[in-house]
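Throughout, read-outs are computed from the coordinates displayed, never taken from laboratory work. Bear in mind the structure is a predicted one, so any value in this text is a computation, not a measurement. Every residue, glycine as well, gets a Cβ built from its backbone with ideal geometry; the counts of neighbours run over all protein chains shown.
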Amino acid sequence: MTHSSKGALLCVSNYRANRGFAWDFIESLYARIADQLAKDSISTLVAYPSIPSPPRSLEGSAARAIALDCSLDTAESVHATTRLIQQENIKVVYFTDRPERSWNYARLRRAGVRRIIVHDHSSGERTRPRGAKRAAKWFLARVPGMVADVVVTVSEYVARRQVDVGLIPPDRVVTVWNGLPVPPSKVAGEPSAHLGLGIPAGRPVVVCACRATPEKGVAHFLRAFDKVARAQNGNRPVALYLGEGPQMGELQALRESLPSREDIILAGYLLDASQMLDRADLCVIPSVWQDAFPLSVLEAMARGKAVVASRVGGIPEMIDHNVHGLLVAPGDEASLSAAMRQLLADRDRVARLGEAARRRVAEQFTPERQVRRLVEIVEAGFNTQ
């Protein structure tokens, strides 16, 4: 087998191909990185535990999908990965949401890897280690060959967590914000958004799009919206929830218990969810845990929507309060209701916030900027001996 003298990049997927949700976004990053590296004659492999169907996110890209367990969770996986590294002349390994330190990383380096990258998209808080546990963790984070060369974080919040909780040396932690393209402007409240959902044209639509899990705070959104709808005179708003997950049954029961249940639609997962988002009058992201850098916020901002979101995790890095949207305390249903009520009563303010949000994405959160920075980090591994 003929290889480029520069070697290859190995990206490791944690799930089977076409998993969906956030992994479509992550795989599209692999594809765009691969296309840039191909210009410099560097090949890219993406390893999946299984490939039941060709990965749609890699379609048309320079990335080559292979079925191989590269998780390093078993002796067989370690052996298979090191064999692949030698066969394919792999110089850089790119993990996503995997451990920042591992005894097996030394095995990869002995097989020929020059740089190990871990991209941390993970949300949630962690407990700071203390005493002997802190000392041991600090020591292990500095054992030669055991820690990733670069830990890429999606927000400064995650970067602080890596340094303060993971005790990763600060000079190994780099923040690269996620990016999304800004689509063409659409008209809010356009009747086509309501087709098939039974929403009369002209009624304000408040959209919440996320996984149906307790940490996403959808129950808080429904109860807060209920207060808004009951207090509204005249043209009552409609709450449209887009998503699915283990909490769906609980959310359906909650909806049935609310006086405004006829104004609440739990649409589940929709293939045309982006079209619904385009026509939303207002978007709400009610997370109650520390979201790293939620794509749901970024997608709404890119579409010029005024966003009401919880002040958690990386969200304050995305939204300046009362500039690109409104921030409220997590789980504070009274504040969430007040924020929705204020914006539904002031269309001019909604338009100003939405336009500012759109500009922020176009200026700060572009896919071009994200991929360019990631390619720089990857390419550095091919320039070291």
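Between exposed GluC sites (Glu not before Pro) in the chain, where DSSP calls loop and at most 13 other Cβ atoms lie within 10 Å, what's the longest gap? Display every interim value, and only then the final one.
Values: sites that count: 59, 125.
Between the exposed loop sites, the longest stretch runs 126-385.
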- prompt: Could you give the nm distance between label points at residue 230 and residue 64, where each point is 7 Å from its Cα heading toward the beta carbon?
  reply: 6.3
message: Let me check I've understood the local charge: for residue 53, count other residues with C-beta under 14 angstrom from its C-beta, Lys and Arg +1, Asp and Glu -1. What total comes out?
response: 0
task: State the Cα centre-to-centre distance between the range 129-161 and the range 280-310 in whole Å.
output: 30
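One quarter of the convex hull surface, Cα atoms only: what value does that give for the chain in nm²? Let's see the in-between values first.
Numbers: hull surface 81.4 nm².
Averaged projected hull area, Cα only: 20.3 nm².
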field: R0 of 35 Å, Cβ-Cβ distance residue 261-residue 348: FRET efficiency to nearest 0.05
entry: 0.70
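Using the Kirkwood radius over C-alpha pairs as Rh, can you work out the diffusion coefficient of the range 82-226 via Stokes-Einstein at 4 °C, viscosity 1.567 mPa s, in µm² per second? Write out the running numbers ahead of the final one.
Numbers: Rh = 19.2 Å.
Translational diffusion coefficient: 68 µm²/s.
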message: Using helices alone, I'd like the mean residue ellipticity at 222 nm for the chain: each DSSP H run of four-plus residues gives -39500 (n - 2.57), total over residue count, nearest 500.
response: -11000 deg cm²/dmol
- prompt: Between residue 244 and residue 136, what FRET efficiency follows from the Cβ-Cβ distance if R0 is 51 Å, with the result rounded to 0.05?
  reply: 0.80
query: Taking the radius of gyration and the Kirkwood hydrodynamic radius from Cα positions alone, what is the Rg/Rh ratio for the range 191-364, to two decimal places?
result: 0.92
- prompt: Which whole number in µm²/s is D for the range 1-160 by Stokes-Einstein, with the Kirkwood Rh taken over Cα pairs at 4 °C and 1.567 mPa s?
  reply: 78
field: Surface/4 of the Cα convex hull for the range 283-361, nm²
entry: 4.2
field: Residue among 319, 44, 74 farthest towards the positive dipole end of the chain, charges placed on Cβ
entry: 74
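Anything over 24 Å Cα to Cα? Flag those among 91/137; 216/305; 39/91; 6/137, in the order listed.
Working: 91/137 27 Å; 216/305 19 Å; 39/91 17 Å; 6/137 35 Å.
Over 24 Å Cα-Cα: 91/137; 6/137.
So how do 82, 213, 127, 153 line up by other beta-carbon neighbours within 10 Å, fewest first? Intermediate values should be presented prior to the final figure.
Values: 82 20, 213 15, 127 7, 153 26.
In increasing order of surrounding Cβ atoms, one gets 127, 213, 82, 153.
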- request: Springs between alpha-carbon atoms under 10 Å, Gaussian network over the chain: tell me which of 296, 41, 310 tops the mean-square fluctuations.
  value: 41
